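A quick write-up on the structure given underneath.
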Amino acid sequence: MADILECIDLSSADVRSAPIPERAVGLMEWVAAAEALGRDTVELMGLWASRRGVHMALRRPGTGRLGLLTYPTDSSFPSVGRHHAAAQRPERAIRDIYGFVAEGAPDLRPWLDHGRLGVHHPPGTATPVMEMPAYDFLPAEGESLHQVPVGPIHAGIIEPGHFRFTAQGETVVRLEERLGYAHKGIGSLLRGAPIARGTMLAGRTSGDSTVAYAWAFSQAVEAAHGMTVPDRALWLRGLMAELERLANHLGDIGAICNDAAFAMMHAHCGVLRERVLRAADAVFGHRLMQDMIRPGGVARDLRADGAALVSDLLGDIRARFGALVRLYDNSPSLLDRTVGTGRLSPDLAARFAAGGFVGRASGRAFDARRGLPYGPYDRLAFDVPCRSDGDVNARIWIRIEEVRQSLALVEQILDSLPAGPVFADLPEGGSGAMGLGLVEGFRGDILAWIEIGPEGTIAEGYLRDPSWFQWPLLEAAIEGNIIADFPLCNKSFNCSYSGHDL
Amino acid sequence: MALITGFAIQGLQMLLVLALAPGLVGLVRRIKARLMRRPGPPIRQPYRDLLRLMRKEVVLAENASWLFRATPYLVFAASWVAAALVPTFATGLQFSWTADLIAIVALLGSARFFLALAGMDVGTSFGGIGSSREMMFASMAEPAMLLTVFALSLVAGSTQLSTVVQVLHGPPGVGLRVSLGMALVSLVIVAIAENGRIPVDNPATHLELTMVHEAMVLEYSGRHLAMIELAAALKLLLYVSLIACLFVPWGIAREGDPPVALALGIGTYLLKLALGGAALAVFEASIAKMRVFRVPDYLGVALMLGLLGTLLLFVSRAL
């Protein structure tokens, strides 16, 4: 048992500065790792497959050390999900896309594949199948239960996902999610693609986190090449990531309140979000800062008056945000909806290693910027807000606190932005090297893994959205709440469909 | 001649409510948008929406029955008649002998009944959710409304709306009454719930799981939807007119008044509608929607106030 924990020995600095060593493990060690996950002595950071086998990224919560285990296979692997529930959906996705079967898995239904991929090992040679086989939803039995199917097409303009409620009157007895409608085959598209195209794809995995994704992907490429990025580029990346976080958190705070029909917050938060986006557009030339981060640095430097523009933005947000927070805190009708709704227990959040505001609102104080530090955050001062009440209100407050922290971070970045180049060319070669990237997006920690192929291409790549470990918790958080409160809970989680469906 | 004039004025009233109803909805939306610092759609937008819907094809579910097709017209007819019975700019109109408060409650109740049935007719889960929520609210709102009606009728000695308005308006008038204050609060609460406004329901929501009225009519399209939207607008107008004619009756023309009084009545009526719409918009912008299960508590307040108002009048006619 001890030896498997010893495999998880990479510090954050090791992961970020050098290619990650492949640690091929046998059946015994793989199962031992799965059992360790089941006992909560390690956390699952990601479970995915490549042509060579199945990979598992682990973290020890005590020491913060990382490890990457590979189980070489071309057909099946021992199920991790039978010991650790959070691994079940990744395993189902592996089977859908790679055809590797998790032996002994409790759930063998397809996940991302709706019967239309027709893909099995080796992946990437897909012919679409047009018929759609039935999907067995989990049963719920009892007196006077009824089912409410919602989606994948919704009344509002949101991403596609199906929710199957089993309810007794208004009370939700069971919620089951059905995702995969936004599957784009990012994995297959990455395979053999040039690195520039890979960065583009990564930046489009989940549009609202385009900066964080591109950064995580770039980190992975840079680590695989063992290169260091110019300092100024790191700081600019930090600036972009914080602007993205600000925009998304401001949008979310308003949108959650809007789901309780409190349109005033929505309108005013919308104005603030728009200001952030316009500032980003003025400074970097793109509202969402898409394609600004690339392996080696950033695509363009700050505009000459960029720092002043961002400073103005900070002043503007500071001047108005306080009043909005007071409005939220002084509206009993709104607090009545958010307090105590959709409670997620700290125990579950820890077991699923939920990142982002979902985890931090339920007592898991992990933030990749602090827990697995990377530049420039290792040189910046900021707090990681954490609460343990785990309801919608807590998730709003975590966002509010993070907006304040982001404002402070942007200020620090502007104050001490180093001079110098913003881009360094990637070294040649590196074929066969693997790199891991871990970046805190606004939803939580995004993991990127790539293997460099010949002539500067990507042999394989994988991007793990934080939503993988948040979606299942939404099912738990809604239990016992009423159906009409689901939109509120869902919006407070705000998981990504596109990032999850890959 | 008097008969012809009477019918003409009655006809004018019927057309007036029909013509004004979408405008009131447009006004409320516009003011709300302004409060949110958006320009908002023009006030005439609901008229355009109705025209657009009238021109559109009706899409029917395969298993929709005759009830589903008939309901929009039933609901529209009931709402229109009910709205036309409320004195807007003049009392003592040709049909005012039918304008009984209880009849108005009954007309609205039957419209709701058919809409709830139609919501369940196609068998989608949203229609069922909407219908069950609507009936849950109605089981509280209707008795509250009736008790308010009783309180008013005890003061005025009649359930006929036209007479009630004349008695309350005076001369000699009834002065300030505790029971009337309670009736006002109760009626406002019921009006908000009946019209599916925030905090009970959100007419602008895109979240199918939180809808009440919108969930019931989710399957409707084309001219059917136009009828239902128009009926909803008429209902909003009805409640604003009802509150206006009972509690701010100034300016309403009486039977036999000269045309100038009628014109003045129409002018003040428009003003009252605009003020009512503005008040609704401000109220809606300042409050969040309440939990579904809190609505009965909220309507319980209306029920209690209606009951207290009625009881007080039994204690003393002067209260």
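Of all residues in the range A:474-492, those that are more than 14 Å from chain B (Cβ to nearest Cβ) and surrounded by fewer than 24 Cβ atoms within 10 Å (Cβ to Cβ) total 3.
Just give me the residues in the range A:337-362 being of a type outside the set (G, A, S), crowded, with 17+ Cβ neighbours inside 10 Å and farther than 20 Å from A:G38 by Cα, in sequence order. Passing the criteria: A:R337, A:T338, A:T341, A:R343, A:F357, A:V358, A:R360. Does B:L101 meet the test of being in contact (Cβ under 8 Å) with a residue 24 or more places away in the chain and under 22 Å from B:A193 (Cβ atoms)? When the stated conditions are applied, B:L101 passes them. Reported count of residues in the range A:139-157, each being aliphatic (A, V, I, L, M), at pLDDT 85 or above and over 14 Å from B:S125 (Cβ atoms), is 1. Of all residues in the range B:104-129 being farther than 21 Å from B:L209 by Cβ and touching a residue at least 40 places away in the same chain (Cβ under 8 Å), which is nearest to the other protein chains (Cβ to nearest Cβ)? Of everything passing the filter in the range B:104-129, B:L117 is nearest to the other protein chains (Cβ to nearest Cβ).
Looking at the range B:151-237, what helices (runs of 4 or more DSSP H) fall wholly within it and have at least 3 residues that are modelled with pLDDT of 90 or more? The qualifying helices (runs of 4 or more DSSP H) are B:178-194. If only residues of the range B:201-211 that are closer than 15 Å to A:I482 by Cβ and hydrophobic (A, V, I, L, M, F, W, C) are counted, the one that is farthest from the other protein chains (Cβ to nearest Cβ) is B:M211. Once the range A:266-284 is narrowed to residues that are surrounded by fewer than 23 Cβ atoms within 10 Å (Cβ to Cβ) and within 17 Å of A:A241 (Cβ to Cβ), the residue that is nearest to the other protein chains (Cβ to nearest Cβ) is A:R273.
Criterion applied to A:A57, A:A24 was being small (G, A, S) and at pLDDT 90 or above, and the one residue passing it is A:A57. Quick one: is A:R303 more than 14 Å from every other protein chain (Cβ to nearest Cβ), loosely packed, with under 15 Cβ neighbours inside 10 Å, at pLDDT below 90 and closer than 17 Å to A:E411 by Cα? The answer is yes for A:R303.
Give, as residue ranges, the helices (runs of 4 or more DSSP H) completely inside the range A:316-403 that count at least 1 residues that are among the aromatic types (F, W, Y). Here the list reads A:356-360.
If the condition is being within 11 Å of chain A (Cβ to nearest Cβ) and either assigned to a helix (DSSP H, G or I) or not polar (S, T, N, Q) (or both), then the range B:284-296 contributes B:E284, B:A285, B:I287, B:A288, B:K289, B:M290, B:R291, B:V292, B:F293, B:R294, B:V295. Of all the criteria given as (1) out of contact with any Asp or Glu (no Cβ under 7 Å at 6 or more places or on another chain); (2) without any contact (Cβ under 8 Å) to a residue 60 or more places away in the chain, the one not satisfied by A:V339 is (1).
Look at A:L502 and say whether it is touching a residue at least 60 places away in the same chain (Cβ under 8 Å), crowded, with 24+ Cβ neighbours inside 10 Å and within 14 Å of chain B (Cβ to nearest Cβ). No.
Among the conditions (1) within 30 Å of B:V155 (Cβ to Cβ); (2) out of contact with any helix residue (DSSP H, G or I) (no Cβ under 6 Å at 6 or more places or on another chain), B:N63 misses just one, which is (1). Taken over the range A:54-77, the residue count meeting the criterion of being of a type outside the set (D, E, K, R), surrounded by fewer than 20 Cβ atoms within 10 Å (Cβ to Cβ) and touching a strand residue (DSSP E or B) at 6+ places or on another chain (Cβ under 8 Å) is 6.
Taking the range A:416-502 as the region of interest, the strands (runs of 3 or more DSSP E) fully inside it that hold 1 or more residues being among the hydroxyl-bearing types (S, T, Y) are A:458-464.
The residue list A:R89, A:R82 contains one member that is surrounded by 19 or more Cβ atoms within 10 Å (Cβ to Cβ), away from every other protein chain (no Cβ under 14 Å), at pLDDT 90 or above and touching a Pro at 6+ places or on another chain (Cβ under 6 Å), which is A:R82.
Answer with yes or no whether B:A253 is surrounded by fewer than 22 Cβ atoms within 10 Å (Cβ to Cβ), in contact with a strand residue (DSSP E or B) (Cβ under 6 Å, 6 or more places away or on another chain), more than 13 Å from chain A (Cβ to nearest Cβ) and not basic (K, R). Talk me through it step by step, then tell me what you get.
On the way: surrounded by fewer than 22 Cβ atoms within 10 Å (Cβ to Cβ): no; in contact with a strand residue (DSSP E or B) (Cβ under 6 Å, 6 or more places away or on another chain): yes; more than 13 Å from chain A (Cβ to nearest Cβ): yes; not basic (K, R): yes.
In short, no.
Take the conditions (1) over 30 Å from A:P152 (Cα atoms); (2) crowded, with 20+ Cβ neighbours inside 10 Å; (3) more than 12 Å from every other protein chain (Cβ to nearest Cβ); B:A281 misses just one of them, which is (3).
Checking the conditions here, which among A:V410, A:V392 is crowded, with 17+ Cβ neighbours inside 10 Å and away from chain B (no Cβ under 14 Å)?
On the way: A:V392 fails: away from chain B (no Cβ under 14 Å).
That would be A:V410, the only listed residue that is crowded, with 17+ Cβ neighbours inside 10 Å and away from chain B (no Cβ under 14 Å).
The values are calculated or read from the model by the stated rules, or taken from the named source; none is laboratory data. Quantities reported herein were computed from a predicted structural model and do not represent experimental measurements. Neighbour counts are summed over all protein chains in view; Cβ atoms, including those assigned to glycine, are modelled from backbone coordinates with ideal geometry.
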